[in-house]
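Below: the structure, in structure tokens.
The values are calculated or read from the model by the stated rules, or taken from the named source; none is laboratory data. No experiment lies behind these values; they were computed from the predicted model shown. Counting neighbours? That spans all protein chains shown, and the Cβs are built from the backbone with ideal geometry, glycine included.
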Amino acid sequence: DAGVIQSPRHEVTEMGQEVTLRCKPISGHNSLFWYRQTMMRGLELLIYFNNNVPIDDSGMPEDRFSAKMPNASFSTLKIQPSEPRDSAVYFCASSLGLPQHFGDGTRLSIL
Amino acid sequence: QKEVEQNSGPLSVPEGAIASLNCTYSDRVSQSFFWYRQYSGKSPELIMSIYSNGDKEDGRFTAQLNKASQYVSLLIRDSQPSDSATYLCAVNREASGTYKYIFGTGTRLKVLA
């Protein structure tokens, strides 16, 4: 079975550019989570969707970050404008209840 | 106080020994507990889940939960160099009606050949 699929795997872009990260959850899962991981702060939950509806976005760092889930099989995390401090690995995870299963992540570098 | 605390390590153990990883949590309402293994440059991989007090064994792994003392631990028997990774503890408070985790910062394990 296909796991959580994220794209792109790596993204390098210049400060000020718009960045869009994509996630396809495991088929049948109804919860989707976006995380950011850095050495300093570890794994942080950014936003959590249940049945395509955002339930908790308290971890979204600021208005430059936005996330959507237009249907059960697709979600995006957008950063506009991007800043060097946004450089991190971004993971998407999905679940049907518990537990969560992670995608391979997107390694984002903002120059 | 952090909601979920782990010693960052590194915890170094010789090959064949038992590795013991610990995690404490602050919220007594917490219901479900998970251990993830993360190799360098890879994504977290679920290795154990535990929901009730006591021990749960799966192969070389044993998870132990003590809700009264608010800790959960992971024992790895017959440790192998391939077990060298960061182990993340995650806690869920189902009573909140969500499936959100709180993660610890992880313990780095090094198994010496």
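If I filter segment B:55-110 down to residues being in a strand (DSSP E or B) and of a type in the set (F, W, Y), which single residue comes out as nearest to the other protein chains (Cβ to nearest Cβ)?
Step one: list which residues in segment B:55-110 are in a strand (DSSP E or B), which gives B:55-58, B:61-66, B:71-76, B:85-92, B:101-103, B:107-110.
Then drop every residue that is not of a type in the set (F, W, Y), which leaves B:61, B:71, B:87, B:101, B:103.
Details: B:F61: 15, B:Y71: 19, B:Y87: 12, B:Y101: 6, B:F103: 5 Å.
Looking at residues that are in a strand (DSSP E or B) and of a type in the set (F, W, Y), I get B:F103.
Do you know which residues across segment A:20-68 are small (G, A, S) and either part of a strand (DSSP E or B) or surrounded by fewer than 16 Cβ atoms within 10 Å (Cβ to Cβ) (or both)? Let's see the steps before the verdict.
Of all residues in segment A:20-68, those small (G, A, S) come to A:27-28, A:31, A:42, A:58-59, A:66-67.
A:S27, A:G28, A:S31, A:G42, A:S58, A:S66, A:A67 - these are the residues of segment A:20-68 that are small (G, A, S) and either part of a strand (DSSP E or B) or surrounded by fewer than 16 Cβ atoms within 10 Å (Cβ to Cβ) (or both).
Scan (1) at pLDDT 95 or above; (2) closer than 25 Å to B:R28 by Cβ; (3) aromatic (F, W, Y) for the single condition B:F61 breaks and write down its number.
Checking B:F61 against (1) at pLDDT 95 or above; (2) closer than 25 Å to B:R28 by Cβ; (3) aromatic (F, W, Y), the one that fails is (2).
Condition (residue is in contact with a strand residue (DSSP E or B) (Cβ under 6 Å, 6 or more places away or on another chain), of a type outside the set (V, I, T) and surrounded by fewer than 18 Cβ atoms within 10 Å (Cβ to Cβ)) applied to segment B:23-30: is it met by at least one residue?
Within segment B:23-30 (the criterion being in contact with a strand residue (DSSP E or B) (Cβ under 6 Å, 6 or more places away or on another chain), of a type outside the set (V, I, T) and surrounded by fewer than 18 Cβ atoms within 10 Å (Cβ to Cβ)), the answer is no, since none of the residues qualifies.
Being part of a loop (DSSP other than H, G, I, E, B), under 28 Å from B:L112 (Cβ atoms) and touching a residue at least 60 places away in the same chain (Cβ under 8 Å) is the filter here, so list the residues in segment B:13-54 that pass it.
Within segment B:13-54, the first condition is being part of a loop (DSSP other than H, G, I, E, B), and the residues that meet it are B:15-18, B:26-31, B:39-44, B:51-53.
Then keep just the ones that are under 28 Å from B:L112 (Cβ atoms); that gives B:15-18, B:39-44.
Matches in segment B:13-54: B:E15, B:G16, B:A17, B:I18.
Check off (1) modelled with pLDDT of 95 or more; (2) in contact with a Gly (Cβ under 7 Å, 6 or more places away or on another chain) for B:Y99 and give me the number that stays unchecked.
(1)
In segment A:71-92, what count of residues is obtained for those that are more than 17 Å from A:F102 (Cα to Cα) and either in a loop (DSSP other than H, G, I, E, B) or more than 14 Å from the chain's Cα centre (by Cα) (or both)?
Looking only at that region, the number is 8.
I want to confirm something. Restricting to segment A:31-70 and keeping residues that are facing chain B (nearest Cβ under 10 Å) and of a type in the set (F, W, Y), which single residue is farthest from the chain's Cα centre (by Cα)?
A:Y48
Looking at A:F33, is it among the aromatic types (F, W, Y) and more than 18 Å from B:S43 (Cα to Cα)?
no
In segment B:1-22, how many residues are surrounded by 14 or more Cβ atoms within 10 Å (Cβ to Cβ), out of contact with any strand residue (DSSP E or B) (no Cβ under 7 Å at 6 or more places or on another chain) and within 12 Å of chain A (Cβ to nearest Cβ)?
The total comes to 0.
Just one of the numbered conditions (1) of a type in the set (F, W, Y); (2) farther than 24 Å from B:Q38 by Cβ; (3) at the interface with another protein chain (Cβ under 10 Å from one of its Cβ atoms) is not true of A:F74; which one?
The single condition A:F74 does not satisfy is (3).
Can you find a residue in segment A:95-103 that is crowded, with 20+ Cβ neighbours inside 10 Å, out of contact with any Asp or Glu (no Cβ under 7 Å at 6 or more places or on another chain), at pLDDT 95 or above and at the interface with chain B (Cβ under 9 Å from one of its Cβ atoms)?
Within segment A:95-103, one or more residues are crowded, with 20+ Cβ neighbours inside 10 Å, out of contact with any Asp or Glu (no Cβ under 7 Å at 6 or more places or on another chain), at pLDDT 95 or above and at the interface with chain B (Cβ under 9 Å from one of its Cβ atoms).
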